[in-house]
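The values are calculated or read from the model by the stated rules, or taken from the named source; none is laboratory data. Because the structure is predicted, anything quoted here is derived from the model rather than measured. For neighbour counting, all protein chains shown are included, and Cβ atoms are generated from backbone atoms with ideal geometry for every residue, glycine included.
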Amino acid sequence: MHRPLGITVIRHIVDSQRLHPEATGDLSGLLNELIVAGKTISAEVNMAGLADVLGMSGKTNIQGEEVQKLDEFANNTIKKRMARCGYLCIMASEEEEDVIAVKEGYEGKYTLAFDPLDGSSNIDVNVNIGTIFSVHRRKSASGQGGLGDLLQKGSEQVAAGYILYGSSTMMVFTTGEGVQGFTLDPSVGEFYLSHPDIRTPERGKYLSANEGNSKFWMENVRAYIDSLKEEDKEKGRPYSARYIGSLVADFHRNLIAGGIFAYPRDTKNPEKPYGKLRLLYEAAPLAMLIEQAGGRAVTDDGINILDIEPSELHERVPLIIGSKLDVDEAETFLK
Ligand code: AHG
Ligand code: MN
Ligand code: MN
């Protein structure tokens, strides 16, 4: 069968590195290792229905959530591979309370924060899940990194992206020069460029939020979400409701087709006054991606996600993210 001479993700990374004569190739190497981890997880996810990786591992993570075996597999796959890649000085994972050291003698100049498997509630029901990652340049001089290397603003990210394990496995990432999407050809084991220079429509057609929480939202947030359901021909409203329950899948659909995703704070759970999503490895990387694609990301009081100075590893932020004109309008309700 004739295969299109597709641009592989490695070819794309090397080509973009060539545009930066000062580049050492470390970021390219880091992304390449992440890609290998992603392919490994993809193979396991596609097997999940068969092998006994389904179901609970009997452990709970620092979020107090049941850790599913695939979460553990994904976490260990990334941790083990990236600890010895030689490009990182420290890591943080949603599944680990503390920072994760890299192998002695393999310290590098970047940091990695990741959500190894986003959308865990969807693992056993065969719905899209994904991996989200965020890369910063270290601040400390050398050797093993520390918390200070990880707690940096989203605007300081060097790279951000996700791997979406869905009807096909896709990798979408940015290094600050636009957003590129790649699709895995499992028979070859290569990611090919399928969505060059992704731009998100400036106004969406999808509303994506867990309306089961709506009576616990702040009044102005509820008013905003309700406004999207009013008839408005010029704005293409009412928007269609689409909620997958995997942030990475809801984000990806809106990135491509346009829309607004909201996980605002709610009064349902007093221990989580700022909603459910985490800044370091969910909101900040997706905020970099959406801005690179022409969209926006704010908290439910209108603060730009990328401007937030993190104070702790697993801090949560309310998130409203998507098409520019929709987030601009949301801001008029939120500020
Ligand atoms: P994770 O599986 O990494 O904990 O993330 C789950 C998150 C996110 O993927 C999704 O948007 C959100 O949980 C769904 O939460 P609700 O089930 O409360 O809507
Ligand atoms: Mn997640
Ligand atoms: Mn997760």
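Looking at region 165-198, which of its residues are more than 16 Å from Ile41 (Cβ to Cβ), in contact with a helix residue (DSSP H, G or I) (Cβ under 8 Å, 6 or more places away or on another chain) and aliphatic (A, V, I, L, M)?
Selection gives Val179, Leu193, Ile198.
Please go through region 179-189 and give me each residue that is of a type in the set (Gly, Ala, Ser) and in a strand (DSSP E or B), ordered by number.
If the condition is that a residue be of a type in the set (Gly, Ala, Ser) and in a strand (DSSP E or B), then Gly181 is the only one that fits.
Do you know which residues across region 92-111 are surrounded by 19 or more Cβ atoms within 10 Å (Cβ to Cβ) and within 16 Å of ligand 1 (Cβ to nearest atom)?
Answer for region 92-111, where residues must be surrounded by 19 or more Cβ atoms within 10 Å (Cβ to Cβ) and within 16 Å of ligand 1 (Cβ to nearest atom): Ala92, Ser93, Glu94, Glu95.
Asn126 is checked against (1) out of contact with any strand residue (DSSP E or B) (no Cβ under 7 Å at 6 or more places or on another chain); (2) among the polar types (S, T, N, Q); (3) on the phi < 0 side of the Ramachandran plot and fails just one. What number does that condition carry?
(3)
Anything in region 279-293 that is surrounded by fewer than 24 Cβ atoms within 10 Å (Cβ to Cβ) and touching a helix residue (DSSP H, G or I) at 6+ places or on another chain (Cβ under 9 Å)? List them, or say none.
Glu291, Ala293
Looking at Gly161, Gly145, Gly176, can you tell me which residue is assigned to a loop (DSSP other than H, G, I, E, B) and touching a residue at least 60 places away in the same chain (Cβ under 8 Å)?
Result of the check over Gly161, Gly145, Gly176: Gly176.
Could you tell me how many of the residues in region 97-145 are at pLDDT 95 or above and within 11 Å of ligand 3 (Cβ to nearest atom)?
Result for region 97-145: 10.
Report, by residue number, each residue of region 237-255 that is closer than 23 Å to Val179 by Cβ and more than 16 Å from ligand 1 (Cβ to nearest atom).
Tyr239
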